[in-house]
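The structure under discussion appears below in the form of structure tokens.
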Amino acid sequence: MIILCTHNDGGVGKTTLAVHVAGILLSQLNRTLLIDCDDQADFWQFYTGRTPIKSQDLNTQDNITIICNKDRKSIRGLAKPQQYDHVVLDIDSPLQNTVQVIIGNEPGLILVPVNKSQKTKALRNLPRTLKVISQLSKPGFAPEVRIVPLGIAAEAVSQVVEKIEIENKPKQCNISAEMPDLQEQMQIAIYKDRKYIWDYEDYKNLYEYFCTLIEI
Ligand SMILES: Nc1ncnc2c1ncn2[C@@H]1O[C@H](COP(=O)(O)OP(=O)(O)OP(=O)(O)O)[C@@H](O)[C@H]1O
Ligand SMILES: [Mg+2]
């Protein structure tokens, strides 16, 4: 499956989702291809511990390959997506065609985060993000979209989503269970310790949360 973690806004939780979704897949021994399309390359750095050498860089270790793809070029020259069980992308805007250009394929699941610190902005721009995603659909293909409240009430998201006209909304669009407020812990886990949140004794139960999020 191809899983896209995206939102038009910055700082809303895309990398948080990408890292942990990838962590679940890897823990289940899936061959997984990770693609970081963000300039900051945070997803890449979580796994490699280094800054990318150039705008396109690749690192392979065990059952994981990660590609830094700032220029959003086709990765077919670097990797063979079909050799992987899953592909996870961290991408700052779900531009039409981007996914096809990069991997020549369609995402099965799109995760759209809305976090506490960027709540106002992320909710204001959520309709725009969902509209772009809805345009990715074509006859016979509609990705499943899950909006993920990070430290905010799911109800706040649903009030926004309910107001969006049906033609501007992805066909399969759900709001997932809210994640507890983990603003500080998540920041430390990803950007300081480079650990998954469930690797801390107090947050072990978050492993289940992310399993449910991607339904594994
Ligand atoms: N469950 C949560 N509750 C509250 N805040 C959270 C939660 N999970 C993540 N965050 C916070 O969201 C912030 C931004 O996360 P992240 O770096 O994943 O966003 P991003 O969309 O990838 O940002 P950028 O656009 O800079 O790449 C972090 O400071 C993190 O602590
Ligand atoms: Mg990021």
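Read-outs throughout are calculated quantities, based only on the coordinates presented, and are distinct from any laboratory measurement. Because the structure is predicted, anything quoted here is derived from the model rather than measured. Cβ placement follows ideal geometry from the backbone for every residue including glycine, while neighbour counts extend to all protein chains displayed.
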For this session: Based on other C-beta atoms within 10 Å, arrange C211, C68, C173 from fewest to most.
Result: C211, C173, C68
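Neighbouring Cβ atoms within 10 Å as the yardstick, rank L130, L26 fewest first.
With the fewest neighbours first, L130, L26 line up as L26, L130.
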Exercise. Can you give the FRET efficiency for L78 and R194, using 1/(1 + (r/R0)^6), R0 = 25 Å, r = Cβ-Cβ distance, to the nearest 0.05?
Worked result: 0.60
Problem set entry | For the stretch 2-201, with +1 on Lys and Arg beta carbons and -1 on Asp and Glu, the positive-most of W44, Q187, I91 along the dipole | I91
Exercise. Tell me, what HN-Hα J-couplings in whole Hz come from the Karplus equation 6.51 cos²θ - 1.76 cosθ + 1.60 at θ = phi - 60° for each residue of the stretch 167-181, using x for Gly and Pro?
Worked result: 6, 9, 10, x, 4, 10, 10, 10, 9, 7, 4, 6, 7, x, 5
Seminar exercise, completed: If N is the residue count of the stretch 98-202, its Cα Rg over 2.2 N^0.38 Å rounds to 1.20
Problem set entry | Paramagnetic reach from F141 in the stretch 88-127 [backbone N under 20 Å; point 7 Å along Cα→Cβ] | 88-112
Problem set entry | Whole-number D in µm² s⁻¹ for the stretch 140-216, Kirkwood Cα-pair radius fed into Stokes-Einstein, 37 °C, 0.692 mPa s | 230 µm²/s
Exercise. In debye, nearest 20: dipole of the chain around its Cα centre with unit charges on the Cβ of K, R (+) and D, E (-)?
Worked result: 660 debye
Exercise. Among the aspartates and glutamates, which fall within straight-line cross-link reach of K70, defined as a Cα-Cα distance under 12 Å, with same-chain neighbours fewer than 8 residues apart omitted?
Worked result: D36, D38, D39, D42, D57, D90, D92
Exercise. Over the chain, what per residue volume does the convex hull of the Cα atoms give, in whole Å³?
Worked result: 110 Å³
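Step by step: find N for the stretch 104-152, compute 2.2 N^0.38 Å, then divide the Cα radius of gyration by it. What's the final number?
On the way: Rg = 12.2 Å, N = 49, 2.2 N^0.38 = 9.7 Å.
Relative to the 2.2 N^0.38 Å estimate, the stretch 104-152 comes out at 1.27.
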Exercise. DSSP H helices in the chain with Cα extent of 18 Å or more along the helix axis and mean Kyte-Doolittle hydropathy at least 1.0?
Worked result: 14-27
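How high is the relative contact order of the chain? Use alpha-carbon pairs under 8 Å, at least six apart in sequence, and give a whole percent.
RCO, the chain: 23 percent.
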